[in-house]
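The values are calculated or read from the model by the stated rules, or taken from the named source; none is laboratory data. From a predicted model like this one, the values you see are computed outputs, not experimental measurements. With ideal geometry, Cβ positions are generated from the backbone for all residues, glycine too; neighbour counts draw on all protein chains shown. Note: accessible area is taken over every heavy atom of the protein model, side chains too, but ligands, DNA and RNA are not part of it. Shrake-Rupley method; radii C 1.70, N 1.55, O 1.52, S 1.80 Å.
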Amino acid sequence: MANVSHELRTPLTALASLAELLQDDSLPAERRRHFLERLEIQVRRMARLVDDLLTLSRLEENGAVSASGPLSLGPFVEDLLKSLEPLAARAEISLETSVAEGLRVTADSSMLEAALKNLVDNAIRYNRKGGWVRVSGDAEDGAWVRLAVSDSGEGIPARHLSRIFERFYRVDPHRSREKGGTGLGLAIAKHAAQKLGGEIAVESTVGEGTTFSLRIPQASGEGADGTGSP
């Protein structure tokens, strides 16, 4: 609750100040537009934080999530990346995908989206201008699928890797808030992976980039190549 209160206080304080400034009738039109833009940013930040808190709360509830049945991974990833194209375009980041043909997973689609979308969103926001984000998927050990989200960002120092899945933990708090992060994306991805009966891991090299790996059950009846039983 202390963390949540702190995260909400910052945008609320900004909103109060902006509302006070906008009451000045003598404010030039250009300054008024600027303050309104700042107000909109803070409102969106609060809305995203509340949405993430609700998502995380739902994921932390007891009880397993029933799988919706076999899910074709290639089309799923393509649709997800399309929804993030506007964010990537603004950041000048290219999105790439490489998912084995015919690969299917046993997963609840909304739960998989919660995990994967947060990983890709983070990879876009904390990348370098002109960089790339790649989502790949391959069968692993016959019964599993490994989804990897790789980026060309600055990488994460080793001392932070053991804590980045904690709620509100940030490698660079100022940069995270500047980029619109809530500090909950990776916690959501971790809990979603666990609900799917899988796990999440991270590898990173400073100056080269980061790869998050999501390991979830492969749809039954598929062979090691992901093409299905003969």
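General remarks:
- Screening L39 on (1) surrounded by 13 or more Cβ atoms within 10 Å (Cβ to Cβ); (2) within 22 Å of the chain's Cα centre (by Cα) shows it passes everything except condition (2).
- Here A187 fulfils each of the conditions (1) at pLDDT 90 or above; (2) open to solvent by less than 50 Å² (accessible area, probe 1.4 Å); (3) out of contact with any Lys or Arg (no Cβ under 6 Å at 6 or more places or on another chain) apart from (3).
- Qualifying residue in the range 77-86 (condition: open to solvent by 70 Å² or more (accessible area, probe 1.4 Å) and small (G, A, S)): no
- Of all the residues in the range 18-28, those that are part of a helix (DSSP H, G or I) and open to solvent by 60 Å² or more (accessible area, probe 1.4 Å) number 2.
- Residue pairs whose Cβ atoms lie under 8 Å apart, sitting 6 or more positions apart in sequence or on different chains, and linking a residue in the range 42-68 that is open to solvent by less than 60 Å² (accessible area, probe 1.4 Å) to a partner that is part of a loop (DSSP other than H, G, I, E, B) and modelled with pLDDT under 85, are R45/G180; R45/T182; R48/G180; R48/T182; L49/T182; D52/T182.
- Of all residues making up the range 107-140, the number that are open to solvent by 10 Å² or more (accessible area, probe 1.4 Å), in contact (Cβ under 8 Å) with a residue 60 or more places away in the chain and over 21 Å from V171 (Cβ atoms): 6
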